[in-house]
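Where a number appears in this text, it was derived from the coordinates with a stated rule and is not lab data. Just so it is clear, the structure is predicted and the values come from calculations on it, not from any experiment. Using ideal geometry, Cβ is built from the backbone for each residue, glycine included, and neighbour counts are taken over all protein chains shown.
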Amino acid sequence: MQNQSFLAMEDPLDALCHHFSLTKALLPPNARIPPTFDMTLSAPPSRQPTHLFAILPPEDNARVPTLMIPVSAGLYGQSFAADLLPAGTALPVPHIQNGNGAQPPCVTLPVVPVSAPHSLSIPLVLLFGLGLETDRNLLAQRMLPAQVIGEFPHFPAMVGVMAKLPEQQFEWYLGYTHGMWKNVLALAPKDAGLVEFVQMAHKVIVEAGRLRGRR
């Protein structure tokens, strides 16, 4: 059965939490990483998370909050080669606390700190690596401008359009897509199509950068 897509209307972290029926949560910058963390349930869970990845911000940017990203240990193990979860990863069993009139229901999950090359794009890697989102058009829209995507699959044309972007826009896509590629290398998703697509987008931007440098 195909998963419902949330990415078309939500940012990647919101969409990832939505797939696990959870409300997005962040830890404040420089906050201590707790051993467990309560995530608010937005609906009866149809997919049970087992852990939270606490995505640590880069050391040179202490003002960035820590992303709390739900994962299912079984699904993660099937989908990624990088072993980020501890042995005996099915335990402790997440504990659901029923809400009352003042407090919504929540689930208490064990927390696994993760140092990622690029924290901002980790939710997108996990969304597609776990198979929660499957529409590659939505992936492309997060990684490349629409006018560049419109030239696919003609690689030189994609590079040419990318090279003509305004500086600020180009730098944003360069940072995001380069970070996404580094995350793919670090997490090693088993979906070869995902790896190839991210690599292609990264190559487009790298080649566009070379063209810009020659002008």
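Residues of the range 157-174 with the amide nitrogen closer than 18 Å to a label point 7 Å from the Cα of R210, along Cα-to-Cβ, please.
157-165, 174
I need two numbers for the chain: Rg to one decimal and Dmax as a whole number, Cα atoms only, in Å.
In Å, with Rg to one decimal and Dmax whole: 18.4, 63.
For the chain, what is the calculated [θ] at 222 nm in deg cm²/dmol (nearest 500), taking -39500 (n - 2.57) for each run of four or more DSSP H residues and dividing by its residue count?
Value at 222 nm, helices only: -12500 deg cm²/dmol.
Over 15 Å apart: what share of the alpha carbon pairs of the range 135-214 falls there, rounded to a whole percent?
Cα-Cα pairs of the range 135-214 separated by over 15 Å account for 52 percent.
Of the residues A186, A201, A54, which exhibits the maximal mean-square fluctuation in a Gaussian network model of the chain defined by a 10 Å Cα contact cut-off?
With Cα springs under 10 Å in the chain, the top fluctuation among A186, A201, A54 is at A186.
For the chain, which DSSP H helices look membrane-span-like by this rule: Cα extent along the axis of 20 Å or more and mean Kyte-Doolittle of at least -0.5?
For the chain, where a helix must reach 20 Å along its axis and average at least -0.5, the hits are 167-187, 192-214.
What shape does the range 139-184 take by its C-alpha gyration tensor, where a ≥ b ≥ c are the square roots of the eigenvalues and a/c under 1.5 counts as rounded, a/b above b/c as prolate, and the rest as oblate?
Verdict is oblate for the range 139-184.
What number of lysine-lysine pairs in the chain show an alpha-carbon separation below 23 angstrom, given a sequence spacing of 8 or more or placement on distinct chains?
So the count of such lysine pairs works out to 4.
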